[in-house]
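The values are calculated or read from the model by the stated rules, or taken from the named source; none is laboratory data. None of these values were measured; they are calculated from a predicted model. Cβ: placed from backbone, ideal geometry, glycine included. Neighbour counts: every protein chain shown. Heavy atoms of the whole protein, side chains included, go into the accessibility calculation; ligands, DNA and RNA do not. Shrake-Rupley method; radii C 1.70, N 1.55, O 1.52, S 1.80 Å.
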Amino acid sequence: MPHTRSLLRVARRLTLDASHAEDLVQETMLLAWRGFHQFQRGTNVRAWLFRILFNSFYGQGRKSRSAPALVSGIDAGAAVDAGTADRLEVAQALDSLAPEHRAVLVLGVVEGFTCREMAEVLNIPIGTVMSRLSRAREALRARLAPAYSAKGGA
Amino acid sequence: MNCSDVSDLSSSYLAGTLDAQRSAEFTAHLDSCASCAGVVNLDWRLRDAVLAEHVPTAGIEARVRRHLHTPRSVPRWAAAAGLAAALAMGVFGYRMVNAANPVYAAATEDHLREVVEREHRSWTVDPAAIAALAQREGIAPPRVDLLAPPGYRFEHAKLCRLNGSLVMHLVYSNGAQQVSIFLRPSARTLAVHTASRDGDAIAECATPRAWALVVTGQSRAEAARIARQVASAL
């Protein structure tokens, strides 16, 4: 099914839980199927699917986890090369951010949504998206700064 | 191009989807703006980290299909309003199974999930072990080499159930296409007849020795031809 992989990538970042993410994507696909008559042809089907995903996520009350599960698939204790270590560090830094920041980073930077599309998906003004994306990048950069790591996180 | 544009277009630039002119403008801006160069560098690391992760989707897609195959889960109005359009828009790339014939529906579902999408199953590849398995269950031991469609080679087989009936599922491949042949005991002769289900062709036949069902992504004529060969080899 088209978009499933992208939906699951985003869902994992939102929920920080692999099984919860799968449930969220499954619910999204079924809601999309049942509500397809509401989709306006000629509009962005990908944005429509992600909007359903976010509505479902926020509708579930976020179900935040106090101890996020590692979703990178990398054993943090295993010996890894420098590239893998950097990916792991970045993924962990991303997962430590606020949900709103994780959302715009994974949508905008990883999945390639424009700010206008993110505004549609998240149902917020485009100006809010732009400022949120800027703050999210700053937060991620701060998490990855050596001084932050040396302190053991916030 | 300004810093705001770079912030918005960074992902497209990294994905290589900006046109040549915009990409040149983007690069020129990075050469003169250390702040934006830092943003793009961080974005690159983030994309690299997240896109490198393994994201298995087969389980979700199978679960969604199962839900959609349950008649009560697909309201008539939804199907009428959205099915053709959804498929045309590429929202759902799967094939709907018409459950009018539950054996055909189960066979095409197994063929899709276990053969085309290669969901993990325990298969047997040794022809002697397959023959023994079949005999144990009262199914005429198949000569897997004789059942092979021309140009196809035998891959593996296993016992499974189609709509409650125990069958032997044999899989053949020519490297690009796969053919599923399901066998079970039979006490009567049935002339070859064919059907189409969701992009797959199905051909059913039976001899006094065995009943066979062929499922393939090729044409109904090809499925019928394979079924006739299977019937002569049973």
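Scanning the stretch A:85-112 for residues that are more than 10 Å from chain B (Cβ to nearest Cβ), touching a residue at least 60 places away in the same chain (Cβ under 8 Å) and surrounded by 23 or more Cβ atoms within 10 Å (Cβ to Cβ) returns a single hit, A:ALA103. For the condition more than 7 Å from every other protein chain (Cβ to nearest Cβ), out of contact with any Phe, Trp or Tyr (no Cβ under 8 Å at 6 or more places or on another chain) and surrounded by 21 or more Cβ atoms within 10 Å (Cβ to Cβ), A:ALA21 qualifies.
Give me a count of the residues in the stretch B:27-51 that are open to solvent by less than 60 Å² (accessible area, probe 1.4 Å) and small (Gly, Ala, Ser).
The initial filter retains those residues of the stretch B:27-51 that are open to solvent by less than 60 Å² (accessible area, probe 1.4 Å), namely B:27-30, B:33, B:36-40, B:42-43, B:45-50.
Subsequent filtering for residues that are small (Gly, Ala, Ser) retains B:28, B:37-38, B:49.
Qualifying residue count, the stretch B:27-51: 4.
B:ALA85: modelled with pLDDT under 90, part of a helix (DSSP H, G or I) and touching a Lys or Arg at 6+ places or on another chain (Cβ under 8 Å), yes or no? When the stated conditions are applied, B:ALA85 passes them. Of the residues in the stretch B:192-205, not one is at pLDDT 90 or above and open to solvent by 40 Å² or more (accessible area, probe 1.4 Å). Give me a count of the residues in the stretch B:138-176 that are open to solvent by 40 Å² or more (accessible area, probe 1.4 Å) and within 18 Å of B:THR207 (Cα to Cα). Result for the stretch B:138-176: 6. When A:THR15, A:THR4, A:THR28 are screened for being facing chain B (nearest Cβ under 9 Å), crowded, with 17+ Cβ neighbours inside 10 Å and either among the hydroxyl-bearing types (Ser, Thr, Tyr) or in contact with a Cys (Cβ under 6 Å, 6 or more places away or on another chain) (or both), only A:THR4 passes. Evaluated against (1) in a helix (DSSP H, G or I); (2) out of contact with any Ser or Thr (no Cβ under 8 Å at 6 or more places or on another chain); (3) open to solvent by less than 30 Å² (accessible area, probe 1.4 Å), B:ALA223 falls short on exactly one condition, (2).
Within the stretch B:146-176, being charged (D, E, K, R) and modelled with pLDDT under 90 holds for one residue alone: B:ARG161.
Read through the list (1) under 20 Å from B:GLU222 (Cβ atoms); (2) of a type outside the set (Asp, Glu); (3) in a loop (DSSP other than H, G, I, E, B), then give the number of the only condition that B:ALA187 fails. For B:ALA187, the failing item is (1). Within the stretch A:31-48, the residues that satisfy the criterion of being more than 7 Å from chain B (Cβ to nearest Cβ) and open to solvent by less than 20 Å² (accessible area, probe 1.4 Å) are A:GLY35, A:PHE39, A:ALA47.
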